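The values are calculated or read from the model by the stated rules, or taken from the named source; none is laboratory data. These numbers were taken from a predicted model, which means no experiment stands behind them. Note: ideal-geometry Cβ built from the backbone for every residue, glycine included; neighbour counts use all protein chains shown. Keep in mind that these areas ignore ligands, DNA and RNA; they rest on the heavy atoms of the full protein, side chains included. Shrake-Rupley method; radii C 1.70, N 1.55, O 1.52, S 1.80 Å.
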Amino acid sequence: MTNRKLLMGAWNNLSVNLMRSILTMLGIIIGVASVIIMLALGNGAKRQVDEQIRNLGGNVFVVFGGSFNSAGVRGQAGSLQRLTDADADAIEHNISAVVAAAPELRSNVQVISGNLNWATNVIGSDNRLLVAQNWTLSDGREFSAAELGRGAKVALIGETLRRELFGAGEAIGQTIRVNKLPVTVIGVLGAKGQSARGDDQDDVLIMPLDTVRKKISGINRANPKAIRSITVKVATQQDMPWVEEEMTRLLSQRLKSAGNDIPFRIRNLSEIVETRMQAMQVFNSLLAGVAAVSLLVGGIGIMNIMLVSVTERTREIGLRMAVGAKPGDILRQFLVESVLLCGVGGAIGIVIAALTCLVLAQGFAMAAVLQWQVAILSLGFSAVIGIFFGYYPARQAAGLQPIDALRYE
Amino acid sequence: MASVIRIRQLCKQYGAGEQQVKALRGVDLDIQQGEFVAVMGPSGSGKSTFMNLIGCLDSPSSGQIILQGEDVSQLSANALATVRNNYLGFVFQQFNLLARTSALENVMLPLLYSMLPDEQHKHRALTCLEQVGLAQRLWHMPSQLSGGQQQRVAIARALVNEPALLLADEPTGALDTQTGLEIMQIFQALNRQGKTLVLVTHEPDIAAFASRILMFRDGQLVSDQQQTPEDASDALLAFKQGAAS
């Protein structure tokens, strides 16, 4: 018996009981579709988080100033401004795995260009910040050493700022006013999109540290070299733990704490995102597990219907045997039928999953990344279900004695 | 003439111990090519068991069946299937056609399990359907055919693999008298073309069309008689005239 005839015969048998076949397939359709959708959602979420980590510039620590503790009154984080430029340099020079340590000062400013204005945060730093925070330049250039040295009135602007102030016009070379200070735009930063917390990362203005310190935020008289924080970029994930220890040791040495003050705090930014991802992964594998159970239930449905079919068609089996079908022929016939049921069900499931992913992505802006490998895999998996759950009924059919089967009422 | 089938000391028992039933107790028999044999006997006489055994649907407890020179008494299920496919054709009382499957496809069914190349299947099936006078009903489903037509499809199916032996189990049992006679007419025509037929019946009227009658009782062959067969065409004509007057 040729494979083509086997397949056609199976197709005929299934189309004769069309309604029943469809209902039987429903279990597989729902199972396969939900497994794929769950995996696609998990995948999308993972990709989103990966992107956030990449934007964040993975493997990053932020060192903040500590809080004062004066006679039991504890100030907010950063209330103790004892970090300085030199601390950033010390971290970069003394810890080998540190790629860049960028000092930062921040201040709220109103930016004006022509008749447009925009409120944003100015960051005073240097080119190391671009490395540490993974910024690229879409236009223009970085700060030159001279500009940094003398505190020149130049700025790099984020994509949002560029759009709000210049629209379609040219930004490079234009003069903007930051509060009252006229500043020349020398570069535009490449877009990064939203941060893990939903902030617009492109709403940013970067100027040389000294410029911000002297002309915008004003000098802290107690500590003229004070900075708000240091962004530290570490070479690899594996280096993170020991770099953190080393930084703590180094900074503790440099910033002798007075009394109960906590001179600095170290925060691991990627950890926040990673924790979120782990939670999401647990949630997703849970959902995929539920989907897999529904696939299993679908498989049992297939077995049930195949058993009914064998009983119903006992006389047909007897006849086929009488005219020369071997037990193996009967086994194959029923196996092909159940595999076909599952295969077609699986294919429909994949189509439904693909459409659902499309709707989720387009209509609800959910990240659903459908991988063709997953689709192929689940099609193969449903065929395996067909074989697994079809084998027992097919064995029952093949094991019938021709005379008993022929006489069956 | 060559023996199509030779049977020696054929025994079949079912069950074991106290419940053991001896369905056949030592049957010896030769059937020659071209014979038309009717098997008769009351129910429980062992005639169905006998048919199942020579039809290779079941294996004997002891004794030998030699079909076309090949000992088929102790073959495996797979080998028996091949023997049935190569040498035997079956006609059943209830036709046993596949529902929702056209006459042509029903006739082609045995070829599905044969070594015959696919291209020849349809031609073979068409020839056999012509032989039983159903060349015009190829695409009809069994439910669209009368009982007599269904049985003729079943006969075409039994012929399609050109069997050495045609076995019919009460082929007229589910048909009215006239249709039954028409079926017997086909069987006689096949026999005249040289087919060897074995037919189980409990109706003496039907057995009268055979050239040899085997009588079974209590698992034994009690009589084996040659006879001059009645002509089914004449009987059909007489029946039609009787019905008309």
Within 14 Å of chain B (Cβ to nearest Cβ), of a type in the set (Val, Ile, Thr) and out of contact with any Asp or Glu (no Cβ under 7 Å at 6 or more places or on another chain), is that true of A:Ile348?
-> no
Residue count, the range A:1-47, condition open to solvent by 40 Å² or more (accessible area, probe 1.4 Å), away from chain B (no Cβ under 14 Å), in contact with a helix residue (DSSP H, G or I) (Cβ under 8 Å, 6 or more places away or on another chain) and within 24 Å of A:Arg313 (Cβ to Cβ), comes to 1
Restricting attention to the range A:351-403, which residues are among the hydrophobic types (A, V, I, L, M, F, W, C), within 14 Å of chain B (Cβ to nearest Cβ) and surrounded by fewer than 21 Cβ atoms within 10 Å (Cβ to Cβ)?
-> A:Leu400, A:Ile403
Do we find a residue being touching a residue at least 40 places away in the same chain (Cβ under 8 Å), open to solvent by less than 40 Å² (accessible area, probe 1.4 Å), within 25 Å of B:Val200 (Cα to Cα) and in a loop (DSSP other than H, G, I, E, B) anywhere in the range B:74-89?
-> no
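Residue check: is A:Ala146 assigned by TED's automatic domain parsing to the domain that holds A:Leu129, within 22 Å of A:Glu51 (Cα to Cα), of a type in the set (A, V, I, L, M) and open to solvent by 40 Å² or more (accessible area, probe 1.4 Å)?
The answer is no for A:Ala146.
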Reported set for the range A:48-66 where residues are out of contact with any helix residue (DSSP H, G or I) (no Cβ under 7 Å at 6 or more places or on another chain), modelled with pLDDT of 70 or more and not hydrophobic (A, V, I, L, M, F, W, C) is A:Gln48, A:Asp50, A:Glu51, A:Gly65, A:Gly66
Please give the number of the condition B:Ser102 fails out of (1) open to solvent by less than 60 Å² (accessible area, probe 1.4 Å); (2) within 9 Å of chain A (Cβ to nearest Cβ); (3) polar (S, T, N, Q).
-> (2)
Output for the range B:120-140, where each listed residue is open to solvent by 60 Å² or more (accessible area, probe 1.4 Å) and either touching a residue at least 24 places away in the same chain (Cβ under 8 Å) or within 12 Å of another protein chain (Cβ to nearest Cβ) (or both) | B:Gln131, B:Arg137, B:Trp139, B:His140
Out of (1) surrounded by 15 or more Cβ atoms within 10 Å (Cβ to Cβ); (2) at pLDDT 85 or above, the one A:Pro263 does not meet is (2)
Can you find even one residue in the range A:156-176 that is open to solvent by 20 Å² or more (accessible area, probe 1.4 Å), in contact with a Gly (Cβ under 9 Å, 6 or more places away or on another chain) and either part of a strand (DSSP E or B) or at positive phi (or both)?
-> yes
Among the residues of the range B:137-157, is any farther than 23 Å from B:Lys47 by Cα, under 14 Å from the mean Cα position of the chain (by Cα) and among the β-branched types (Val, Ile, Thr)?
-> yes
Does the range A:251-259 contain at least one residue that is more than 14 Å from chain B (Cβ to nearest Cβ), assigned to a helix (DSSP H, G or I) and open to solvent by less than 50 Å² (accessible area, probe 1.4 Å)?
-> yes
Single unsatisfied condition, B:Leu190 versus (1) open to solvent by less than 30 Å² (accessible area, probe 1.4 Å); (2) outside any helix (DSSP H, G or I); (3) aliphatic (A, V, I, L, M) = (2)
